[in-house]
Amino acid sequence: MPTALQTATALDADWWRQAAVYQIYPRSFADANGDGIGDLKGVTSRVPYLKALGIDAVWLSPFYPSALADGGYDVDDYRDVDPKIGTLEDFDEMTAALHQAGIKVIVDIVPNHSSDRHTWFLEAVAAGRGSAARERFHFREGRGAQGELPPTDWTASFGGPRWTRVADGQWYLNTFTPEQPDWNWDHPEVREDFLRTLRFWSDRGVDGFRVDVANLLVKDLPEQLPSKDELAQLDRTSGTHPLMDRDEVHEIYREWRKVFNEYDPPRFAVAEAWVETAERRAKYASPEGLGQAFSFDLLVADFEAGQFRSIIEQNLEQVRATGSTSTWVFSNHDVTRHATRYGLPPLAGRTVKQGVEWVKAGGPGAALDRQGGLRRARAATLLMLALPGSAYLYQGEELGLHEVAQIPAESRQDPSFFRGAEWDGLGRDGCRVPLPWTPQGSSFGFGAGGAHLPQPDWFAEYAASTQEEAAGSTLNLYRQALALRHELQGAEELEWQDTGNDQVLAFTRPGGWLSVTNFGNAPVQLPDGELLLASQPVHGRTLPAHTTAWLRA
Ligand code: GLC
Ligand code: CA
């Protein structure tokens, strides 16, 4: 028999398995000093709100010193706080307040690239070609008589060339922007330095890490490099592609796991890895590695029963093989908000694509069905919160916020907008606009000053303070759902129920928790059981269109 203490520790080590994790984009959450930029003191001031929301953990997007060439994913110093948004003392204060409220803290680690202002990169540029300092990055000579052409014709993720030239003529590799030089992960000092960073934050009481583009770290860059066209032909599923998802990357995470396990409870990690197949993804979720990996399958699906069912089945099957838990996510700081995606006219293809089409077109115009989109988003979220596994929520979705399209070019910040990334049109600023806390005030209560991205007038209707008072608001739906989820959640199991209607998905969780979603356009009969919560008002025993209900079966 385990002792009571052992049982408590084991439970604590598993806190992440079915956690509801709320993503904070720190510069857009709450601004305590009124300079227009959200800060750590702002997060601390909103801990009561987070506690009332009922989440288990927050994940903070990068808050490290940064010139913000990519919203903070260009890190100057991995072991400090950006003076624009606080200090290490503010961080400790915030962590203490969150822990006091029973909320775990997850920070974002960006290991594929630093920023061009990182000490080691400045040193590398100054030290010149052939220097040891340059070995920590991927420096190369260019092609052409004078080396005036980049080493290859590869395109960076946000558009433009994947190589940038320094004053002495050499080029360095940048998968994203030129301000984000890629680390050379074959270099022992790079590896050591990240272990130091993991310990630095773990020692400060951080409970876990979200690992940015976890699949890109290791590269195979021989003398002869393939061209862009040749690269496109290479297999991405065998672990041998020169630039992504190479098998050797897991050696790094095995080392990281040892560090995580130095702590009690072990530190948690979740991989952001947009890889080709479920099998490839599972490697990142291995208990000898990071332990959990994001699944973006639901995020790229349409609001459609068949797609939802098969994605849920597949994902649950995968985690049975790895011993991890499923992750579910509809929105984050990189994609068009799901209320908006679901409000766009159906297109052939996927909803993420719809979001892209929408932003490319310059905004929704009359085509966006705001109400219908939010209605479907609420139904989808309530379904997600009944699923076994972790639910990842993105700040503002609990207010039912839509994407903001109307941001003038001169106010935009996202490099993917300026660099003409192929995969995006208006870029990602529209989901990063500072939150509306109150219906009035210079920045809708975000702070005493302005907002670093302009907030539209319609934000007033979505203010948190108004929604707190309104019974059927999206905020109250999230609060009630998260509270019930705590109460009802048991074993990580799900049993599908036959509904006799292919537009209606129903499943039970152990203990008689029944979730039923009507994806169809016509109302249906509600199954037997006590109604606990619904994403729309329910009258009698009728489940309206595009609605989820929870019942006690
Ligand atoms: C990840 C982040 C994204 C960032 C990119 C480069 O995909 O989520 O915001 O731009 O990595 O770090
Ligand atoms: Ca501020």
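The values are calculated or read from the model by the stated rules, or taken from the named source; none is laboratory data. Note that the structure is predicted; figures quoted are calculated from it, not measured. Cβ: placed from backbone, ideal geometry, glycine included. Neighbour counts: every protein chain shown. Note: areas computed on protein heavy atoms with side chains; ligands, DNA, RNA excluded. Shrake-Rupley method; radii C 1.70, N 1.55, O 1.52, S 1.80 Å.
By the scheme Lys and Arg +1, Asp and Glu -1, what is the net charge of all other residues having a beta-carbon under 12 Å from that of ARG280?
Details: positive: ARG236, ARG246, ARG281, LYS283; negative: ASP235, ASP245, ASP247, GLU276, GLU279.
Local net charge: -1.
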So, R0 is 51 Å and r is the distance between the beta-carbons of ALA232 and GLN440; what FRET efficiency does that work out to, to 0.05? 0.45
Computed over the chain: longest principal axis from alpha-carbon atoms vs helix 4-13 long axis, angle to nearest 10 degrees, is 70 degrees
Determine, at each q value in 0.20, 0.21, 0.22, 0.28 (inverse angstroms), the log₁₀ of I(q)/I(0) that the Debye formula gives when each Cα of the range 119-173 is one equal point scatterer. -0.69, -0.75, -0.81, -1.10
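For the chain, what is the convex hull volume of the alpha-carbon atoms per residue, in Å³?
Working: hull volume 86.3 nm³, N = 553.
For the chain, the hull spanned by Cα atoms encloses 156 Å³ per residue.
Please report the relative contact order for the chain, taking Cα pairs under 8 Å with a sequence separation of at least 6, and give it as a percent rounded to a whole number. Write out the running numbers ahead of the final one.
On the way: 1135 pairs, mean separation 73.0, N = 553.
Dividing the mean separation by the residue count of the chain yields 13 percent.
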Amide H of VAL524 versus every other amide H placed in the peptide plane: which residues, excluding those fewer than 5 positions away on the same chain, fall under 5 Å? LEU543
With every protein chain left in place, what is the accessible area of LEU494 in Å² (1.4 Å probe, nearest 10)? 40 Å²
Please say if the range 493-552 is rounded, prolate or oblate, where rounded means a/c under 1.5 for a ≥ b ≥ c the square roots of the C-alpha gyration tensor eigenvalues, and otherwise the choice is prolate for a/b larger than b/c and oblate otherwise? oblate
Go through the range 283-294 residue by residue and turn each phi into a ³J(HN,Hα) via Karplus (6.51, -1.76, 1.60, θ = phi - 60°); whole Hz please, and just put x for glycine and proline. 4, 6, 8, 4, x, 7, x, 6, x, 8, 9, 5
Angle in degrees between helix 351-360 and the longest Cα principal axis of the chain, rounded to the nearest 10: 60 degrees
How high is the relative contact order of the range 119-173? Use alpha-carbon pairs under 8 Å, at least six apart in sequence, and give a whole percent. 30 percent
FRET efficiency (ARG309, ARG196; Cβ distance; R0 41 Å; to 0.05) is 0.35
Amide H to amide H, which residues 5 or more places from VAL270 or on other chains are under 5 Å from it, using H placed in the peptide plane? PHE209, ARG210, VAL211
Apply the Karplus parameterisation 6.51 cos²θ - 1.76 cosθ + 1.60, with θ equal to phi minus 60°, to every residue of the range 85-95 and state each ³J(HN,Hα) to the nearest whole Hz, in sequence, with x for glycine and proline. 10, x, 9, 5, 5, 4, 4, 4, 4, 4, 4
So what J values fall out for the range 503-518 if you push phi through Karplus, 6.51 cos²θ - 1.76 cosθ + 1.60 with θ = phi - 60°, rounded to Hz, Gly and Pro as x? 9, 10, 10, 9, 8, 10, 10, x, x, x, 8, 10, 10, 10, 10, 9
Cα long-axis angle, helix 474-488 against the chain (0 to 90 degrees, to the nearest 10): 80 degrees
Considering only protein heavy atoms and a probe of 1.4 Å, how much of the accessible area of the range 119-173 is carbon and sulfur, as a whole percent? 55 percent
Given backbone amide H placed at 1.01 Å from N, residues whose amide H is under 5 Å from that of LEU393, ignoring those fewer than 5 places away on the same chain, are VAL21, TYR22, GLN23
